[in-house]
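Some notes on the structure that comes next.
The values are calculated or read from the model by the stated rules, or taken from the named source; none is laboratory data. Values in this document were obtained by computation on a predicted structure and should not be read as measured data. With ideal geometry, Cβ positions are generated from the backbone for all residues, glycine too; neighbour counts draw on all protein chains shown. With ligands, DNA and RNA removed, areas are computed over all heavy atoms of the protein, side chains included. Shrake-Rupley method; radii C 1.70, N 1.55, O 1.52, S 1.80 Å.
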Amino acid sequence: MAGTQDGTRRTRIHVVSDVHGNARDLARAGAGADALICLGDLVLFLDYADHSRGIFPDLFGAENADRLVELRTARRYEEAREFGRGLWAGVDRGPAIEKAVRKQYAELFAAFPTPTYATYGNVDMPTLWAEYAGPGTTVLDGERVEIGGRVFGFVGGGLRTPMRTPYEISDEEFAAKIEAVGEVDVLCTHIPPEVPELVYDTVARRFERGSRALLDAIRRTRPRYSLFGHVHQPLARRMRVGATECVNVGHFAGSGKPWVLEW
């Protein structure tokens, strides 16, 4: 904790989300902070800005990645799934993906500073996190922790979509985790509350899934902050909902810079 001129102690927290393989900047993300918070999506399956990066192009090449992105961007999801099924036909999918994810997790978890507080994103594989999270990394999902005298609540994962990413859960399960967290000073989630300006991606040109239960909890419990990522290029990065400052703290893979919270 940093000192001030009158001798009081200040707390500085750095927050990141949507790391998507950016281990280089992640290793520097906690510099000067008392703690790092990571709101998930460590894995890079496919980089929509550079189709040569990620698990998919490593397995199938950039040209096939170009085609998959083209289909998904056009919202031709069934065609995209059929295209993907053809490519995976000769590959043992589960072990191939797990091997690639493990390689990324080994590098990314090693980059976390101490202490780090983290929750899952929708493209993460929660079952593997316990193997890679060291003693300085606390993984939270539907749980609370106190940092510098303020209570932080964490809810990971995303809601179900046609994309069928690895950690998508039902609206009911997500709402139950929000309820379990209860009243906190800072509510940390991977996905945003269901507000059009916060869920619309201006580059992908689509509405991502936000949570109505999260929005209701913000209005009811009035945390100081609601922090989230998931939407890489939102229409609005920051807005107030009642008494709460809602802030998109991603997309770290592109910016390489954490969002700073200090009190």
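For the stretch 211-259, residues that are part of a helix (DSSP H, G or I) and of a type in the set (S, T, N, Q) total 2. Within the set 105, 117, the sole residue that is in contact (Cβ under 8 Å) with a residue 40 or more places away in the chain, part of a helix (DSSP H, G or I) and under 18 Å from the mean Cα position of the chain (by Cα) turns out to be 105. Checking each residue in the stretch 82-102 for being surrounded by 13 or more Cβ atoms within 10 Å (Cβ to Cβ) and in contact (Cβ under 8 Å) with a residue 24 or more places away in the chain picks out 87, 96, 97, 98, 100, 101, 102. Taken over the stretch 162-182, residues that are touching a strand residue (DSSP E or B) at 6+ places or on another chain (Cβ under 8 Å) and modelled with pLDDT of 95 or more amount to 12. Residues in the stretch 120-155 that are assigned to a loop (DSSP other than H, G, I, E, B), within 14 Å of residue 106 (Cα to Cα) and open to solvent by less than 10 Å² (accessible area, probe 1.4 Å): 124 only. The C-beta contact set for the stretch 30-48 (first residue over 23 Å from residue 67 (Cα atoms), second residue open to solvent by 10 Å² or more (accessible area, probe 1.4 Å) and at pLDDT below 95, distance under 7 angstrom, 6+ apart or interchain) comprises 34/1. Summed over the stretch 22-38, the residues that are part of a helix (DSSP H, G or I) and open to solvent by 50 Å² or more (accessible area, probe 1.4 Å) give a count of 1. What are the residues in the stretch 39-80 that are charged (D, E, K, R) and assigned to a helix (DSSP H, G or I), if any? Answer for the stretch 39-80, where residues must be charged (D, E, K, R) and assigned to a helix (DSSP H, G or I): 58, 63, 66, 67, 70, 72, 78, 79.
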